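Worksheet: one structure, shown below.
The values are calculated or read from the model by the stated rules, or taken from the named source; none is laboratory data. What you see is a predicted model; the values in this text were computed from it and never measured. All Cβ positions, glycine included, derive from the backbone under ideal geometry; neighbour counts span all protein chains shown. Surface accessibility is based on the protein's heavy atoms, side chains included, excluding ligands, DNA and RNA. Shrake-Rupley method; radii C 1.70, N 1.55, O 1.52, S 1.80 Å.
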Amino acid sequence: MSTNTPVGTAARPLRVAVVGSGPAGVYAADILTKSEAVKSGELTVSIDLFDRYPAPYGLIRYGVAPDHPRIKGIVNALHKVLDRGDIRFFGNVDYGTDLSIDDLRTHYDAVIFATGAIKDADLNIPGIELEGSYGGADFVSWYDGHPDVSREWPLEAKEIAVIGNGNVALDVARMLSKHADDLLVSEIPDNVYRALKDSPVTDVHVFGRRGPAQVKFTPLELRELSHSKDVDIILYAEDFEFDAESDRQIQSNNQTKTMVGTLTNWIAEQPEDLSELTASRRLHLHFLHSPVEVYDDAEAPGRVAGIKFERTELDGTGNARGTGEFVDYPVQAVYRAIGYFGSALPEVEFDHSKGVVPNDGGRVLDAAGTHVPGIYATGWIKRGPVGLIGHTKGDALETVTYLLEDRENLPLAATPAPEAIVELLAGRGVEYTSWEGWLALDEHERALGDKASAAGESHGVAVQRERIKVVPREDMVEISRGAAVEV
Ligand SMILES: Cc1cc2nc3c(=O)[nH]c(=O)nc-3n(C[C@H](O)[C@H](O)[C@H](O)COP(=O)(O)OP(=O)(O)OC[C@H]3O[C@@H](n4cnc5c(N)ncnc54)[C@H](O)[C@@H]3O)c2cc1C
Ligand SMILES: NC(=O)c1ccc[n+]([C@@H]2O[C@H](COP(=O)([O-])OP(=O)(O)OC[C@H]3O[C@@H](n4cnc5c(N)ncnc54)[C@H](OP(=O)(O)O)[C@@H]3O)[C@@H](O)[C@H]2O)c1
């Protein structure tokens, strides 16, 4: 190929690397391939999608709760994109370890980082480091069978506090309180089922620092709490404070109105004498509680024995302020679900206060605030860890639009041949997985589900199982790379 071959033609397509195969990365790749410039034949693109996990789909696989099959089903749409064959998938490839920015610049004309977020935001209160105090994101990774977290999770507490009033807090509280047998229809790995089955939990308390009209969770997810069998929901009348600003929020936002309606109905239906409730587990929803300290005691030094909150009151602006009244709850475990936080990427500028790659509409900026030519970002690493899967589509569209706008001025790759990156990875001994590898792993996981379904039971419970997840990274890689594994 002549060095003068124009870039973006069939002979020399525009080479784009997308790092991260969560929804943001897959949508970005899809939107680029379907852009007007490509459809009209004005531009030819060639896209490689990398992920540090052997399997694609990011938080849809390792964040969305296993008992949310409808949401997990969004992978069917992403599957169709990657199954077309015009976007190559390289799993088990870590940007920063297996590939550097120089490698990507050498092989691609543009790079889109779509690396999301997987870690908990910090909660800086005394005692947060005690044994029995956990990050919600870590628990999510465990129950969703993340390959890089321990297979063991200590579920020894009878009483548990969950801090936060977002959808992750509800996921964590629901997974902690739901009976394990009711999760068997889902794709939960066997180690997760066994640990949940043995959990002695009786009471899970969820604490929001503002009022019922200021929650961040959503109506469907709230109502779902009442569908857990043998789990009673308990609310507290003193937490139901609504000021003028709350009324305004309720009137102006249908979601808020629905949720406040649900909560007030629940509390109205609740028996005055709570001993009339009969479920073996209880899920308590508390509002206007701001966490102050996690503490241990003389009986179990170094271990969580309780949590102290300051009661709050609404301040008329939608926020809450402390009242000076403190209240203790004896619990043996604390889960903070106060948001995720993005991780810095080697050799890329990072905003440590927001946990994002600094960018202007997806154009990645350097320390001086200037766009780094050819480098882009999308999804949670671009705008922070808030928003649904669907929101990453709009994000990706914005980023891709800028990339296309810049296409005449991209720093061109020195080694754009598609086989060069394969040779580089192979030469470095990187055991990358492919789309065909994912299809093999997908089939294997479904076969595990079929086997359990054919047996008519799983762990002694009569269920049909669509899939059972493979957890260890080495097993995922082995199956993906073609080893015959017995089901
Ligand atoms: C617990 C939880 C439950 C959720 N449930 C729902 C739900 O029910 N419905 C809904 O609409 N939304 C839900 N969301 C939100 C949704 O998951 C996000 O909006 C979405 O996943 C963000 O997409 P993303 O592609 O930016 O990031 P991610 O999904 O996090 O994908 C990022 C990808 O980048 C990869 N990556 C990271 N670093 C590197 C690296 N150095 N090298 C290579 N690859 C890398 C990761 O492995 C990952 O695959 C949930 C979020 C959480 C946290
Ligand atoms: N089923 C689903 O659709 C689903 C499931 C999971 C996640 N998601 C989405 O994923 C995104 C992330 O969810 P998330 O729950 O991690 O984040 P989130 O929606 O931002 O909620 C974070 C919660 O933590 C609270 N919080 C933050 N700092 C705190 C502190 N220091 N002390 C006490 N409380 C604190 C916040 O309270 P304040 O509001 O007072 O700040 C808020 O209630 C959201 O967009 C969510 O909708 C969706």
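Structural remarks
- Computed P(r) (all Cα pairs; segment 290-340; 5 Å bins; percent): 5, 19, 21, 19, 18, 11, 5, 2, 1
- Calculated diffusion of segment 435-487, Stokes-Einstein form, Kirkwood radius summed over Cα pairs, 4 °C and 1.567 mPa s, µm²/s: 114 µm²/s
- Local electrostatic count, LEU274, Cβ distance below 11 Å [Lys/Arg +1, Asp/Glu -1]: -3
- Solvent-accessible surface of segment 121-339, taken per residue with a 1.4 Å probe and all protein chains present: 43 Å².
- Built amide H within the under 5 Å cut-off of LYS119, gap 5+: PHE341
- The lysines within cross-link reach of LYS34, meaning a Cα-to-Cα straight distance under 20 Å and a gap of 8 or more places when in the same chain, are LYS80, LYS393.
- Our coupling estimate for segment 93-107, obtained by passing each phi through the Karplus curve with A = 6.51, B = -1.76, C = 1.60 and θ = phi - 60°, is 10, 9, 5, x, 10, 8, 9, 9, 5, 5, 4, 5, 5, 5, 9 Hz, Gly and Pro reported as x.
- Additional length obtainable on full extension of the chain from GLU423 to ALA367, 0.36 nm per residue less Cα span: 16.8 nm
- Largest to smallest accessible area among GLU224, GLU238, GLU293 [probe 1.4 Å]: GLU238, GLU293, GLU224
- As a size descriptor, the averaged projected area of the C-alpha convex hull of segment 232-321 was calculated at 7.9 nm².
- The packing ranking of peptides 151-160, 27-36, highest mean first, is 27-36, 151-160, where packing means the average number of other beta carbon atoms within 10 angstrom of each residue.
- Alpha carbon centroid spacing (whole Å) that separates segment 458-474 from segment 219-265: 34 Å
- Axis angle, to the nearest 10 degrees, between helix 391-405 and the longest C-alpha principal axis of the chain: 30 degrees.
- Quick note on segment 121-339: its Rg to Rh ratio, both from C-alpha atoms and Rh being the Kirkwood radius, is 0.96.
- Take each peptide in 429-435, 272-278, 464-470, 50-56, count the other Cβ atoms within 10 Å of every residue, and average; sorted highest first, the result is 50-56, 464-470, 429-435, 272-278.
- Convex hull projection area averaged over all views, the chain, Cα basis, nm²: 26.0 nm²
- When the helices of the chain are scored as -39500 (n - 2.57) per DSSP H run of n ≥ 4 and the total is divided over every residue, the value at 222 nm lands at -9000 deg cm²/dmol.
- Loop-located trypsin sites (Lys or Arg not before Pro) in segment 271-360 whose Cβ has at most 15 other Cβ within 10 Å (DSSP): LYS354
- Percentage, to the nearest whole number, of Cα pairs in segment 375-438 over 20 Å apart: 56 percent
- Dipole of segment 121-339 [Lys/Arg +1, Asp/Glu -1 at C-beta], most positive-end residue of VAL172, THR258, GLY132: THR258
- Between the amide H of PHE90 and those of LEU49, PHE50, ASP51, distances stay under 5 Å, these residues lying 5 or more places away or on another chain, with hydrogens modeled in the peptide plane.
- The calculated pair-distance distribution of segment 1-115 uses every alpha carbon pair, bins of 10 angstrom beginning at 0, and gives 13, 42, 31, 11, 2, 0 percent.
- Cα gyration tensor shape for segment 330-487, rounded if a/c is under 1.5, else prolate or oblate: oblate
- Using C-alpha pairs below 8 Å separated by at least 6 residues, the relative contact order for the chain is 21 percent.
- Whole-angstrom gap from segment 38-87 to segment 109-141, using each part's C-alpha centre: 23 Å
- Lys, Arg +1 and Asp, Glu -1 on Cβ, resulting dipole of segment 334-433 about Cα centre, debye, nearest 20: 460 debye
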